[in-house]
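Undergrad: Got a structure for you, questions after.
The values are calculated or read from the model by the stated rules, or taken from the named source; none is laboratory data. What you see is a predicted model; the values in this text were computed from it and never measured. Here the Cβ positions follow ideal geometry from the backbone for every residue, glycine too, while neighbour counts run over all protein chains shown.
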Amino acid sequence: MFELARPFSYEIPQDTGETPLEKLLRELCPGASWNELRRAITTGKVEIDGTIVAETRQLVRGGSRLGYHPNARRPTTALLAPERIVYLDSQLVVVNKPAGISTVPFDEHERGTLDELLRRAVAQRFQTPVAPLGVVHRIDKETSGLLVFSRTHTALRHLKNQFRFHTSHRRYLALVLGAPGEATYRSRLVANRGDGRRGSTDRSELGREAVTHVKPLERLGAATLIECRLETGRTHQIRIHLAEAGFPLLGEPVYGRPEVTRPLAPRLLLHAAELGFEHPINGEQLQFSVPLPPDFEQRLAELRQQGLASPSLPQPRPERPQTRPLSDTKRPDTKRPDTGTQQVTRRPKSHAARRPGTR
């Protein structure tokens, strides 16, 4: 059917049972030797449903899509620290992503992404091959913090619905330039606002609605530590809303005025600090929190000490303000916020009916 010299993609029939990957590849490429097939798998040239599978005996279900890329680079040997796994059971895994790695591959040649490293870490814990993880949501490469992946199709469907209907809980911490007040930013985001960048549009028939609730936690001279709570999860939503309002994130490389914000931090200072959702099988309310990573803590400590005192520091101009103050009378807390230690809490399942879309 196929040759190993050329890339190909194949959707496995739904009525096919679980088949070892090497056997499945042998059926698709009858002209290749077993050694050639196994080498193709172990060197990272085969993927199932978009995830690289390097175990020759990995069982593949019917309905999956197999992809073969002969020019793909060998998978990285990097490992994810065991303590990065915050929660793990038969249905899902919650991970504290370090900054600097992508959630999933940007293209077929990218290796060492979080889904790959996490799957390898789970396999090492159980000392057995693990099926590809389901991607429920994503955060930017430079963003740190909490993510959940599914381990079954049932869990993936339930978790995605919670994110789609805004019943999940997501709280981010960020350092921004300027002094934003407590506000809700609401706009329709498009992939290209006319200059090749994502942004907001006034045209109601375009884009998708994005809603971000922002609250200042601590003033730090010309910067502010804020929390962001998401109703929606659009790409770059927090970064776009704050930059358009005139409060770009420290370390921001794209939106606002990156020539001003990029040098102010070693990376984009955005951290997914809290994540909550209902367990897809037993209905438990799971709530997770992780502390700020060291590089974020270090920059925060420097700002507390210095107050970002720089009279000549240029202030960014709003690109497109979308602010809707929640209250003109509320004032930010003057107490130093608790940036937290890693916590996992469970609450009994509520018996009250909850409509999709409610929080």
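Undergrad: Does I48 fit the bill of being at negative phi, in contact with a helix residue (DSSP H, G or I) (Cβ under 7 Å, 6 or more places away or on another chain) and of a type in the set (A, V, I, L, M, F, W, C)?
TA: Spelling it out, it is not the case that I48 is at negative phi, in contact with a helix residue (DSSP H, G or I) (Cβ under 7 Å, 6 or more places away or on another chain) and of a type in the set (A, V, I, L, M, F, W, C).
Undergrad: On the basis of being of a type in the set (A, V, I, L, M) and either within 16 Å of F296 (Cα to Cα) or not in a helix (DSSP H, G or I) (or both), does L242 make the cut?
TA: no
Undergrad: To continue, here is another question. Kindly check whether there is at least one residue in the range 284-299 that is on the phi > 0 side of the Ramachandran plot, assigned to a loop (DSSP other than H, G, I, E, B) and buried (at least 19 other Cβ atoms within 10 Å of the Cβ).
TA: Looking for residues that are on the phi > 0 side of the Ramachandran plot, assigned to a loop (DSSP other than H, G, I, E, B) and buried (at least 19 other Cβ atoms within 10 Å of the Cβ), one finds none in the range 284-299, hence no.
Undergrad: What's the number of the condition G145 fails, among (1) within 28 Å of L250 (Cβ to Cβ); (2) in a loop (DSSP other than H, G, I, E, B); (3) small (G, A, S)?
TA: That leaves (2) as the condition not met.
Undergrad: Here are V136, V148: which of them is closer than 19 Å to T232 by Cα and touching a His at 6+ places or on another chain (Cβ under 8 Å)?
TA: V148
Undergrad: Looking only at the range 226-250, filter to residues that are of a type outside the set (V, I, T), under 30 Å from K160 (Cβ atoms) and over 18 Å from the mean Cα position of the chain (by Cα); which one of those is surrounded by the fewest Cβ atoms within 10 Å (Cβ to Cβ)?
TA: E244
Undergrad: For residues that are touching a His at 6+ places or on another chain (Cβ under 8 Å) and in a loop (DSSP other than H, G, I, E, B), scanning just the range 255-280, find the one that is farthest from L173 (Cα to Cα).
TA: P280
Undergrad: Oh, and also: Could you check, for the range 120-134, whether at least one of its residues is touching a Lys or Arg at 6+ places or on another chain (Cβ under 6 Å) and closer than 18 Å to S289 by Cα?
TA: No, because not a single residue in the range 120-134 is touching a Lys or Arg at 6+ places or on another chain (Cβ under 6 Å) and closer than 18 Å to S289 by Cα.
Undergrad: Looking at A174 and the list (1) touching a Lys or Arg at 6+ places or on another chain (Cβ under 8 Å); (2) of a type outside the set (D, E, K, R); (3) at pLDDT 95 or above, which single condition is not satisfied?
TA: Condition (1) is where A174 drops out.
Undergrad: Moving on. For the range 252-277, give me each residue that is among the hydrophobic types (A, V, I, L, M, F, W, C), in contact (Cβ under 8 Å) with a residue 60 or more places away in the chain and out of contact with any Ser or Thr (no Cβ under 7 Å at 6 or more places or on another chain).
TA: V260, L264, A265, L269, L275
Undergrad: Which condition breaks for L264 when tested against (1) modelled with pLDDT under 90; (2) in contact with a Cys (Cβ under 6 Å, 6 or more places away or on another chain); (3) aliphatic (A, V, I, L, M)?
TA: For L264, the exception is condition (2).
Undergrad: Residue by residue through the range 128-157, note down the ones that are closer than 17 Å to R84 by Cα and small (G, A, S).
TA: Those that are closer than 17 Å to R84 by Cα and small (G, A, S): S144, G145, S150.
Undergrad: Considering every residue within the range 63-82, establish whether at least one is more than 30 Å from L268 (Cβ to Cβ), in contact (Cβ under 8 Å) with a residue 12 or more places away in the chain, among the aliphatic types (A, V, I, L, M) and out of contact with any Cys (no Cβ under 7 Å at 6 or more places or on another chain).
TA: Yes, the conditions are met somewhere in the range 63-82.
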